[in-house]
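S.K.: Have a look at this one before I ask anything.
The values are calculated or read from the model by the stated rules, or taken from the named source; none is laboratory data. What you are looking at is a predicted structure, and each value in this text was computed from that prediction instead of being measured. A quick note on method: Cβ atoms are made from the backbone with ideal geometry, for glycine too, and the neighbour counts reach across all protein chains shown. Side chains included, ligands, DNA and RNA excluded: accessible areas come from the protein's heavy atoms. Shrake-Rupley method; radii C 1.70, N 1.55, O 1.52, S 1.80 Å.
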Amino acid sequence: MATLHDILLNVSPIKVVGDRSVSVGSLAIDSRKVTLGCAFIAVRGTLSDGHEFIAKAIEMGAMVIICESLPEAIKEEVTYVQVTNTAEATGMIADAFYGFPSKQIKVVGITGTNGKTTTATLLYQLFESLGFKCGLLSTVQNYIHDQVELSTHTTPDAISIQALLRRMVDAGCTYAFMEVSSHAVHQRRIAGIRFAGGVFTNITHDHLDYHKTFEEYIRVKKQFFDDLPPGSFALTNADDKRGMVMLQNTVAQKCTYSLKIPATIKGKVLENTLTGLVMSIDKHEAHFRMIGTFNAYNLLAVYGVAKLLGEDEMNVLEVLSKLRGAPGRFETFMSPVDKILGIVDYAHTPDALINVLATINQFRKAGQQLLTVVGCGGDRDKTKRPIMAQVACKHSSKAILTSDNPRSENPEIILDEMQAGLTDPQKRKCFRITDRKEAIKIAITLAHPGDIVLIAGKGHENYQEIKGIKHHFDDREILKETFETLNK
């Protein structure tokens, strides 16, 4: 069991009131998870302030309180530690509490608007196939070698991350690949992690409900690279117009990947069909099972990371050629009777939706319809709602606007805001069906033999969140069930 003195090793307290040698049995930032002997860290969050729950934490058995403002009533049996920033301190304290796990495992973080999950998942699959025990922290699920755990956030809280890294180390993992969201950077959830490298995929308008401006969103993404330690690497997409910005102030080894211009890792798409990609990467030709230019970039990033970590180029390409990527990312299903191609994809930003639709349209034959089912999430960036509807209508034969995860919002109001951006010609090829299951059914009903149905926005998710309750809902299950029910 660690002492308070041990876990404050990399923290510079303003003031300590009480016994520094007190034993700490666990850490918590949620007062409901406090147990006897716990250190409670009062973090100021977006929805609540942990300082308001200090009394509750002590009542639950907390023996240490770490806070930015000391409470008026000081209990003699409790030790109080005042710090400048509890969010930053949480990561540092958790790192020490769990024995500095990122010193014992190489952690690579992937950030960007689109492509994080696929890139992180491919890296995990690649290195596992190369014979390494690896960990994965992603939107879809977390892995400790071959043990899977469901994920609830793109990047978990700082205590959970350090606990997962400790378990990975104890399981013999030598690499961990993790998605790094802008929220996680801004909220300092990755504080205390010594990254071996960082990857930037791309950046488009997203999360403006949180960051307020696109400039702030870019700044936060860049902060991840600014904070990378000496001896690490920073790999960026040189074809993204903000790609080089990410490298401006980093002390990490600067590397680039590109399909268009000279770069550290240079690729070229030779063939792009429904059977996969044929690419030239560093002058080596290889066939991949994944589809679309957006996946060509993901593959380049994965290859680049593997090369920077010292893996043999040909071994990497051979294994990559066999991999299929992440669940719910351009995942395809064929109806048994009418051979309708159903595609489920997580595309929930305008740029991601354009990329998926552009890829599908490359393969469409004359007379083949593309029907797109799409919605927008509640309590998220409202500015993208009309754009999502415009994109779906512009690049599809027919678009069906529906509910996504409305969360606390009224789904009808979300749909009103989506439709507000449509022109009269676009409205004529657009349907509005609030019930997502019914919308999928209508899309498949309208599809002729050989047509394509895209269900966008939720991908791997197996729930629909309505008024704070997550109801079971999986686009892939509904798609397959509907094919069968309609005898398609």
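S.K.: Find the eigenvalues of the gyration tensor of the Cα atoms of the stretch 370-458, then list the square roots of 5 times those eigenvalues as equivalent ellipsoid semi-axes, largest first, in whole angstrom.
M.R.: In descending order the semi-axes read 20, 15, 10 Å.
S.K.: Assign one of three labels to the stretch 62-221, namely rounded, prolate or oblate, based on the Cα gyration tensor with a ≥ b ≥ c the square roots of its eigenvalues; rounded applies when a/c is under 1.5, prolate when it is not and a/b is larger than b/c, and oblate otherwise.
M.R.: oblate
S.K.: Compute the semi-axes of the equivalent ellipsoid of the chain, taking the square root of 5 times each eigenvalue of the Cα gyration tensor, and list them largest first in whole Å.
M.R.: Each semi-axis is the square root of five times an eigenvalue, giving 41, 28, 19 Å.
S.K.: Going by average Cβ neighbours within 10 Å, how do the peptides 31-39, 101-109 rank, with the highest at the top?
M.R.: Top to bottom by mean Cβ count within 10 Å: 101-109, 31-39.
S.K.: PRE reach from Asp226 (point 7 Å along Cα→Cβ): which of the stretch 90-115 fall under 18 Å by backbone N?
M.R.: Answer for the stretch 90-115: 111-112.
S.K.: Sticking with this structure for a sec: To the nearest 20 debye, what charge dipole does the chain have about its Cα centre, counting +1 at the Cβ of each Lys and Arg and -1 at the Cβ of each Asp and Glu?
M.R.: 1180 debye
S.K.: Using alpha carbons only, how many angstrom separate the centre of the stretch 346-408 from the centre of the stretch 71-97?
M.R.: 46 Å
S.K.: Compare the Cα positions of Thr121, Pro71, Met60 along the charge dipole of the chain (+1 at Cβ of Lys, Arg; -1 at Cβ of Asp, Glu; about the Cα centre) and return the one farthest towards the positive end.
M.R.: The residue sitting most towards the positive pole is Thr121.
S.K.: Counting helices only, and only those DSSP H runs with n ≥ 4, report the 222 nm mean residue ellipticity of the chain as the sum of -39,500 (n - 2.57) divided by its residues, in deg cm²/dmol to the nearest 500.
M.R.: Helix contribution divided over all residues of the chain: -9500 deg cm²/dmol.
S.K.: Points 7 angstrom from Cα along the Cβ direction at Val278 and Asp49: gap in nanometres?
M.R.: Reported label-point gap for Val278 and Asp49 is 6.4 nm.
S.K.: Keeping all protein chains in the complex and leaving out DNA, RNA and ligands, what accessible area do you get for Met290 with a 1.4 Å probe, in Å² to the nearest 10?
M.R.: Taking all protein chains as shown, Met290 has close to 10 Å².
S.K.: List residues of the stretch 385-399, by number, whose backbone nitrogen lies under 11 Å from a label position 7 Å along Cα→C-beta of Leu446.
M.R.: Label zone hits: 393, 396-399.
S.K.: Rounded to the nearest 10 Å², what accessible area does Arg364 have for a 1.4 Å probe in the complete protein model?
M.R.: 80 Å²
S.K.: Another question, if that's okay. Set the Förster distance to 56 Å, then compute FRET efficiency between Gln248 and Arg289 from the Cβ-Cβ distance, nearest 0.05.
M.R.: Efficiency, from the Cβ-Cβ distance: 0.95.
S.K.: How far apart, in nanometres, would the label points at Arg432 and Ala73 be if each is projected 7 angstrom from Cα along the Cα-to-Cβ direction?
M.R.: 5.4 nm
S.K.: I would also like to ask the following. Please compute the modelled spin-label separation between Asp19 and Met334, points set 7 Å along Cα→Cβ, answer in nm with one decimal.
M.R.: Placing both labels 7 Å along Cα→Cβ, they lie 7.0 nm apart.
S.K.: Report the net charge of residues surrounding Thr423, where surrounding means a beta-carbon distance below 13 angstrom and charges are Lys +1, Arg +1, Asp -1, Glu -1.
M.R.: Around Thr423, the surrounding residues sum to +3.
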